[in-house]
Amino acid sequence: MFSSMLKTRQRRILLILISLVILSTFVGNSVALARPDKYQSHWFSGYQSRGAALGTLPAVNGGIPGLSGFRFNFKGGDHHFGSLVSTFDSPGVVGCCSGSWYTKLSDYNSDDAYWYDIRWQELPPGITYGSGGESVKMDGQEHWITIGHNYTLFTRPVLTGFKISGDGRSDSHLERISILLVGEARPGYGYPEPIMARVRLGGGGADKSVRISYALVPTRNLSMYGYDIKGTSSNGNERTGTLSAGNPVLLGFDLRFKNGAHHVDRVGVEVWPFNWRVTFEDHNHDDPYEYAIYYDNVAQWE
């Protein structure tokens, strides 16, 4: 009888242990995306008949994720360049508010349809955000603009969005479009460190208003210097490749036609887990261009 009771108790203990294992496995899978070393990343894709496309984000740390990519394609051929926007903020106000995304490609009158992708990468909690900008000439030259100051030691800015727009009355061809962020705060380097954006816009025409938003991420969650991918598309085709980064976020990008200014049909720079893609084309997709992607990887730190 004692032996029978012992076996019954052993069965109950075994069943309890099996149940706990199953439960822990289920709970672990259900919250995996919320773990600090499993940051979320995703994208929004769609078709917009005219003007801006916008929507809401899922809950992420701090409410504003990093920008990891944008890609546009005018429907029905190419157009002059009026505005290009990809940001995780309230409509038209880069650096304003959390919980939304906003994107746009247009010539000056904003009446043309396009397809879009906008990619996001979750950032660690406790992030400081900011934005700034100024008017930039379409002369292809290097313009350094101060968009903020870094008062948080051992942090570095990453992109959360940008807005490049004209006056609504004129547009231009496009030869070059480039943004790169710098501004790591370190002891002995002139603290507080200015947060600078190197901007190059080429193609002629009226000046553009450029506004850039950023997040200050702890350097312990990033690599030492960031990474870059550079190359040339000799025939104007899209370029793709692989990354070693599982949580990439953009620090900047550079696209330049090698044979002068053109209309715009497709334009995009994207990084996502272990992959990248760039495109820069007018309607016939045969113009060579140079590209650079500047990015970093968001990582867990113990």
Residue list for segment 278-302, filter: open to solvent by 40 Å² or more (accessible area, probe 1.4 Å) and part of a strand (DSSP E or B) = Glu290
Is at least one residue of segment 125-136 open to solvent by 60 Å² or more (accessible area, probe 1.4 Å), under 24 Å from Asn297 (Cβ atoms) and in a strand (DSSP E or B)?
-> yes
Restricting attention to segment 57-79, the residues that are closer than 19 Å to Thr128 by Cβ, touching a residue at least 40 places away in the same chain (Cβ under 8 Å) and either open to solvent by less than 10 Å² (accessible area, probe 1.4 Å) or not β-branched (Val, Ile, Thr) (or both) number exactly 6
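Okay, residues lined up against (1) closer than 26 Å to Leu216 by Cβ; (2) over 17 Å from the mean Cα position of the chain (by Cα); (3) hydrophobic (A, V, I, L, M, F, W, C):
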| residue | (1), (2), (3) |
| --- | --- |
| Gly236 | no, yes, no |
| Asn247 | yes, no, no |
| Gly252 | yes, no, no |
| Val267 | no, no, yes |
| Trp272 | yes, no, yes |
| Arg277 | no, no, no |
| Gln300 | yes, yes, no |
Of the candidates Asp254, Asp282, the one satisfying the condition of being under 19 Å from Phe74 (Cβ atoms) and touching a residue at least 40 places away in the same chain (Cβ under 8 Å) is Asp282
Can you tell me which residue in segment 180-204 is most open to solvent (accessible area, probe 1.4 Å), limited to those that are of a type in the set (Val, Ile, Thr) and either farther than 15 Å from Lys137 by Cβ or not in a strand (DSSP E or B) (or both)?
-> Val182
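The values are calculated or read from the model by the stated rules, or taken from the named source; none is laboratory data. Predicted model, so just to flag it, every value in this text is computed and none were measured. Neighbour counts are summed over all protein chains in view; Cβ atoms, including those assigned to glycine, are modelled from backbone coordinates with ideal geometry. In case anyone asks, the SASA skips ligands and DNA or RNA and just uses the protein heavy atoms, side chains included. Shrake-Rupley method; radii C 1.70, N 1.55, O 1.52, S 1.80 Å.
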